[in-house]
Amino acid sequence: MIPLLFTDPLGDDHGLGYAYPTAAIYAESGFADLTGFQALERDGRLVLRVRLARYPNPQAAPLGFSLAIVGIYVESEPANGAKGGQELPGAGFKTPAGHGWDEAYLLSGWKAESLRPDGRRKEVPARKEGDWLEVFPDLPPGDYGYYVTVGLYDPFTPTGFRPVRPGGGSWVLDAPSGAPAAVDVLSDHQAQAYQSGVLAPVRAASSALPWAIGVAVAGFLAIALAFVFPRPRPRAGKAVAGGSSRKPQPTALGAKESVDKEKEEDFDIDIRF
């Protein structure tokens, strides 16, 4: 599989102008602010990692945070959701045309669960490792599509996402009726996603970072090796292939150009990618 690394802007955890519940527990900002997502293979196993801006834990949840809920919805093949419009449970978004999801992972401070479209659930391993939350899915490593969302945790809803309603309240988000419950999503066009209610998945092709790093490293090594081990070219007066010799030819170049030409003949840098 191709390792993925995506970042998300800091401070955009308010949906499309949502107001947080008024209870004092929500006074600390950043606890539902998504800042990074990774999908990688470790020891032959798929690992999904999410990073939030802050991890307050006023309720002493065992995974080290207690105010946020993370929803990761996995799409194995775009064709599986060819009709589109499939709802992302809890987050409240729909999938775009030609896309769907096959397995979801809901992560709170108390546990991580897998959720399938038919409603089947199963607890899966999860932990907090430094600044990252790690989920270990029951899926083989592969190049999947991912919908990544963060909401406010509510233990009394089926998915753990705290609901929205116009006017809000002590324990409810203030947002338009029917708006998504997630307050932050992984998207290059977040405002458009909230306006349309449709969230596009991110895939390996969307993550140019690993490819760019590989090309940059390869280019650096090629240039370094070319200077360390230049490929010599035959000089005037020395034997060349076939036993013949080459004499300097008259030139109309100026003095500086002539010196530059001789330097170019000293060696030729052969850079290959």
Subject >> Per residue value of the accessible surface for region 116-177 (all protein chains in place, 1.4 Å probe), Å² >> reply: 50 Å²
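Where Lys and Arg each count +1 and Asp and Glu each count -1, what net charge lies around GLU77 among other residues with Cβ under 13 Å from its Cβ?
Details: positive: ARG203; negative: GLU75, ASP102, GLU103, ASP143.
For residues surrounding GLU77, the net value is -3.
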Original post:
Full extension from PHE156 to TRP132: what is 0.36 nm times the residue separation minus their Cα-Cα distance, to one decimal in nm?
Top reply: 6.1 nm
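How many percent of the alpha carbon pairs in region 15-128 exceed a separation of 23 Å? Don't jump to the answer; show the numbers that get you there.
On the way: 2467 of 6441 pairs.
I get 38 percent for the Cα pairs in region 15-128 exceeding 23 Å.
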Original post:
About the Cα centre of region 1-88, what is the dipole size in debye to 20, counting +1 per Lys and Arg Cβ and -1 per Asp and Glu Cβ, all else neutral?
Top reply: 180 debye
Original post:
In region 1-159, what is the count of Lys pairs whose alpha carbons are under 26 Å apart, counting only pairs at least 8 residues apart or on separate chains?
Top reply: 5
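By DSSP, what percent of the beta bridges with both residues in region 1-117 are antiparallel, rounded to the nearest 5? Mind dumping the intermediate values first?
Values: 22 of 22 bridges.
Bridges in region 1-117 are about 100 percent antiparallel.
To the nearest 20 Debye, how big is the dipole of region 132-186 about its Cα centre, given +1 on the beta carbon of each Lys and Arg and -1 on that of each Asp and Glu?
The dipole of region 132-186 has a size of about 280 debye.
The values are calculated or read from the model by the stated rules, or taken from the named source; none is laboratory data. It should be emphasised that the depicted structure is a prediction, and the values quoted were computed from it without experimental measurement. Ideal geometry is used to build each Cβ from the backbone, glycine not excepted, and the neighbour counts take in all protein chains shown. Quick note on the areas: whole protein, heavy atoms, side chains included, nothing else; ligands and nucleic acids left out. Shrake-Rupley method; radii C 1.70, N 1.55, O 1.52, S 1.80 Å.
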